[in-house]
């Protein structure tokens, strides 16, 4: 199936589903099933809701594990940083 459009609850084309699902409705996706030649509407609903832990943000960067390899770009003219990376056995 191929997604043809995704609509937020306030957009035209979602009124019937918004009445049915109310505040739980996140979005409506319209898909085209090329094998059956059918248009299909799917809904995304909020199934569960709870408070997040203190200080939690889903997009905040996670710290790497102590021995985990990470990619870091160090320009050639950053001599002090290059020395620190080499001291830490980086390459």
Mean Cα-pair separation over length for region 2-45, i.e. relative contact order, pairs under 8 Å, 6 or more apart, % = 39 percent
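Based on the inverse mean of 1/r over its pairs of different Cα atoms, what is the Kirkwood hydrodynamic radius of region 2-45, in Å? List each step's numbers first, then the result.
Values: mean 1/r = 0.0933 Å⁻¹.
The answer is 10.7 Å.
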ask   = Based only on the alpha carbon positions, what is the Kirkwood hydrodynamic radius of the chain, in angstrom?
value = 18.5 Å
query = When each pair of different Cα atoms in region 44-91 is counted once in the 1/r mean, what is the Kirkwood radius in angstroms, to one decimal?
reply = 14.8 Å
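The numbers here are math on the coordinates, done by the rules we state, and not lab data. As the structure is a prediction and not an experimental result, all values here were calculated from the model.
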